[in-house]
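The block underneath contains the structure these notes are about, expressed in structure tokens.
The values are calculated or read from the model by the stated rules, or taken from the named source; none is laboratory data. Everything numeric in this text was worked out from a predicted model, so none of it was measured. Here the Cβ positions follow ideal geometry from the backbone for every residue, glycine too, while neighbour counts run over all protein chains shown.
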Amino acid sequence: VINFYAGPAGLPLPALERAQQELLDFAGTGMSVMEVSHRSKEYDAVHEEALALTRELMGLPDNYKVLLLQGGAHLSFGMIPLNLLRGGRKADYIVTGNWAEKATKEAKLVAGDHVRVAASTKDEKFARLPKASELKIGEDSAFVHFTSNNTVEGTQWKEFPKTDKPYVCDMSSDIMWRPFDVSQFGLIYAGAQKNLGPSGVTLTIIREDFLEMCEASDLPSYLRYKLHAEKNSLYNTPPTFGIYILRNVLAYNKSIGGLKAIETANRKKGELLYGCIDRHAGFYKGFVTEKADRSLMNVDFFLPTPELDDTFVKEAKKAGMVGLKGYRDIGGIRVSTYNAVSVQDVETLVGFMDEFVRRNG
Ligand code: PLP
């Protein structure tokens, strides 16, 4: 089946086949990885490899710590202000979609008016990203929060917001889609369930000066970034099976040429899919209004009628392609083309789309 679900999403087949082979006998233990202690040397090797592969694939400098946490992006929405917006610190949040808005609301619950909105495109249904001239960022801002890819609306910051302030970023739906310079990022967080592995693991990357800003000894232990960093993400029982699959995915990503190779495939997939939408502009209508903002991870479009949207989804399913129904608030079609979706998968979809226009256009 070709999996275009928005998340949890498809994973590279070789990473799953490796898990299948090792399921009943992990590292010669005679047990599954989920049955061995998180303090065992066999699990520890997986844990260390997942951390090291993250560093290597993303080219992280030594002043960044990699944490493997739980609670998804949702827990991070709260942990970020709880740890960082202390002692009168303020931050600016760019509201570009459903998830960015949720992040902002959660932060305001914790830090009230110390959380400010730098810009919002809600009045335009989040169908574009704000321009540099629309961003209002305070001189006193400790960080600028943004969502690098808006999963619901299908916009993506291919060039990051123009500011000299550090970034805090929700990369849940496009982490590792390409190499990028991390040096302006104070903190990055991403639920694993789109580009990295199963839900239940939240990859978090934090710069040392941001770690130092976390004055959080009055918080419940699990909510303190500093504690997780000191304990190498083994303060409590980590999601061992999820981290094991993450390791398999990262090892596979390395074997195919790392993030550079992944970027090449992602750009090709975008050309194919947007090329098809633009070629049949009278039939397929993209949701995003600015071409430069179009996401290479989630592609939203409409057919001429909601009935045709439904027929499209049903016929695609019969042809072996699943997960194409649009998000409930937007409707239409959403194609999620995360890293595990191949160029060939997108070629198959585009062939189907061309043919669909011929029959229904
Ligand atoms: N942020 C983004 C960009 C997302 O795409 C999602 C999930 O779809 C979330 C946050 C919510 O993630 P979680 O369910 O892991 O908390």
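So Leu75 passes all but one of these: (1) closer than 30 Å to Ser221 by Cβ; (2) surrounded by 23 or more Cβ atoms within 10 Å (Cβ to Cβ). Which condition number does it fail?
That leaves (2) as the condition not met.
Return only the number of the condition from (1) at pLDDT 95 or above; (2) away from the ligand (no atom under 14 Å from the Cβ) that Glu215 does not satisfy.
Of everything listed in (1) at pLDDT 95 or above; (2) away from the ligand (no atom under 14 Å from the Cβ), Glu215 misses just condition (1).
May I ask you to say which residue of Trp157, Trp177 is at pLDDT 95 or above, within 12 Å of the ligand (Cβ to nearest atom) and at negative phi?
Trp157
Give the number of residues within the range 131-154 that are in contact with a Phe, Trp or Tyr (Cβ under 7 Å, 6 or more places away or on another chain), more than 10 Å from the ligand (Cβ to nearest atom) and under 25 Å from Asp209 (Cα atoms).
Here the count works out to 4.
For the range 117-156, give me each residue that is crowded, with 21+ Cβ neighbours inside 10 Å, touching a residue at least 60 places away in the same chain (Cβ under 8 Å) and in a loop (DSSP other than H, G, I, E, B).
Hits for the range 117-156 are Leu129, Thr151, Val152, Glu153, Gly154.
Hey, could you check the range 181-197 for residues that are surrounded by fewer than 19 Cβ atoms within 10 Å (Cβ to Cβ) and touching a residue at least 24 places away in the same chain (Cβ under 8 Å) and say which is nearest to the chain's Cα centre (by Cα)?
Looking at residues that are surrounded by fewer than 19 Cβ atoms within 10 Å (Cβ to Cβ) and touching a residue at least 24 places away in the same chain (Cβ under 8 Å), I get Val182.
Where residues in the range 48-80 are in contact with a Gly (Cβ under 7 Å, 6 or more places away or on another chain) and either assigned to a helix (DSSP H, G or I) or at positive phi (or both), which of them is farthest from the ligand (Cβ to nearest atom)?
Going through the qualifying residues, I end up with Leu57.
Collect the residues in the range 13-48 that are surrounded by fewer than 18 Cβ atoms within 10 Å (Cβ to Cβ) and either charged (D, E, K, R) or under 30 Å from Gln184 (Cα atoms) (or both), keeping them in residue-number order.
Result: Glu17, Glu22, Asp25, Glu35, Arg39, Lys41, Glu42, Asp44, Glu48.
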